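Accompanying notes for the structure given below.
A short reminder: the numbers here are calculations on the coordinates, not readings from a lab. Being a predicted model, the structure only gives us computed values, none of them experimental. Cβ placement follows ideal geometry from the backbone for every residue including glycine, while neighbour counts extend to all protein chains displayed.
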Amino acid sequence: MTDTSAMAGGWREWLLSPQPASRRQARLGRAYLLWRSFSKNKLAVIGLLIVVGLVVVSIFADVLAQYSPVAGGDLRTERLLPPSLKHWFGTDDQSRDIYSRVVYGSRLTLLIVALVSIIATPIGLLVGTAAGYLGGWVDAVLMRITDIFLAFPRLILALAFVAALGPGIGNAIIAIAITAWPPYARIARAETLTIRNSDYISAVKLQGASTARIIVRHVMPLCMSSLIVRVTLDMAGIILTAAGLGFLGLGAQPPQPEWGAMVSTGRNYLIDQWWVAALPGLAIFVVSLGFNLLGDGLRDVLDPKAAR
């Protein structure tokens, strides 16, 4: 036990060294300080556990699910059964196990969140940094386009794009991504305006770096911490938008186990068989809450203006 404590103390001293011997040591020390600050926020840790749980459930859905998410049982004897030891969340109107569908639905939820973030974040980052750094007519044009997208509620705009593209999970992801980037562009532009005239950027200019190199290699990385926080907070909205499209029949199509579509099916039985809609709805609530708590914790940790 003493050796373990001594080893832990040695690692801590190495990570917190005021004079790191390498970039790797400096980065690990920075990460350790961020984790210490993050772990003090208990709600943020709970949010992180929920998000990690979502990832674990989606990866091991084949192991955790008891039944097929698309194939039902006997409609005469297994339809709309209440929660029990055999069917933990009960069954739906097609005799399908709701627990298995919720578990497999976590894969679709994680897929939507990941793809929307991968598509929307680079677009918003590029538009915002280009507008903020170049200024002039480029800034005016890009920000007016951004304002047009921001003028419409996200769900309404997503509905319009899905109606044009056609229903389906792929088109829903594209529609949500198209509506998600404008806030990221606004944040990136605001961050760029604060750093474009800094001594650091001036030094890079004196070294002969091109405008494109300055934006991509030096401005964008400085905007990432604020964007990470915003993207994490937006994930709850992305989940709700995807669930809303699924609820209206414009997202994932039957028999895919998408939580919003499951709530839509269960609304017809809400009075007598409440579990058909309530348990997928609870999954949406818990995961959205987890992302919000995680985003709040990351904001406190990554905010460069926050006092530590």
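Quick one: Karplus J couplings for region 72-89, per residue in order, coefficients 6.51, -1.76, 1.60, θ = phi - 60°, nearest Hz, x for Gly and Pro?
x, x, 6, 5, 7, 10, 10, 8, 6, 7, x, x, 7, 5, 7, 10, 4, 9
At 7 Å along Cα-to-Cβ for each site, give me the label-to-label distance between residue 111 and residue 148 in nm.
3.2 nm
Using a basic spin-label model with each label point 7 Å from the Cα along Cα→Cβ, how many nm lie between residue 271 and residue 17?
Output for this residue pair reads 7.2 nm.
Once the Cβ-Cβ distance between residue 300 and residue 85 is put in as r, and R0 is 41 Å, what FRET efficiency do you end up with, to the nearest 0.05?
E(calc), rounded to 0.05, equals 0.45.
Take the Cβ-Cβ distance between residue 225 and residue 156 as r, set R0 to 35 Å, and report the resulting FRET efficiency rounded to the nearest 0.05. Write out the running numbers ahead of the final one.
Numbers: r = 31 Å, r/R0 = 0.88.
Step by step, r from the Cβ atoms, then E = 0.70.
Within the chain, which DSSP H helices have Cα atoms that stretch 18 Å or more along the helix axis and a mean Kyte-Doolittle hydropathy of at least 1.0?
Result, helices passing both filters: 42-59, 98-134, 136-150, 220-247, 275-302.
To the nearest Å, what is the center-to-center distance of region 225-270 and region 58-82, using C-alpha atoms only?
21 Å
Please list, by residue number, everything in region 95-121 whose backbone N is under 19 Å from a paramagnetic label point 7 Å out along Cα→Cβ of residue 76.
Those under the cut-off are 95-96.
Applying 1/(1 + (r/R0)^6) with R0 = 41 Å to the Cβ-Cβ distance of residue 216 and residue 163, what FRET efficiency is obtained, to the nearest 0.05? All intermediate terms of the calculation are to be shown ahead of the outcome.
Values: r = 36 Å, r/R0 = 0.87.
Rounded to the nearest 0.05, the efficiency is 0.70.
Using a basic spin-label model with each label point 7 Å from the Cα along Cα→Cβ, how many nm lie between residue 141 and residue 43?
A separation of 4.4 nm, rounded to one decimal place.
Averaging sequence separations of C-alpha pairs under 8 Å and six or more residues apart, then dividing by the length of the chain, give the relative contact order as a whole percent. It would help to have the intermediate numbers written out before the result.
On the way: 430 pairs, mean separation 69.8, N = 308.
Result for the chain is 23 percent.
Starting from the Cα-Cα distance between residue 52 and residue 197, subtract it from 0.36 nm times their residue separation and give me the gain in nm to one decimal. Display every interim value, and only then the final one.
Details: separation 145, 0.36 × 145 = 52.20 nm, distance 3.96 nm.
Here the segment from residue 52 to residue 197 would lengthen by 48.2 nm.
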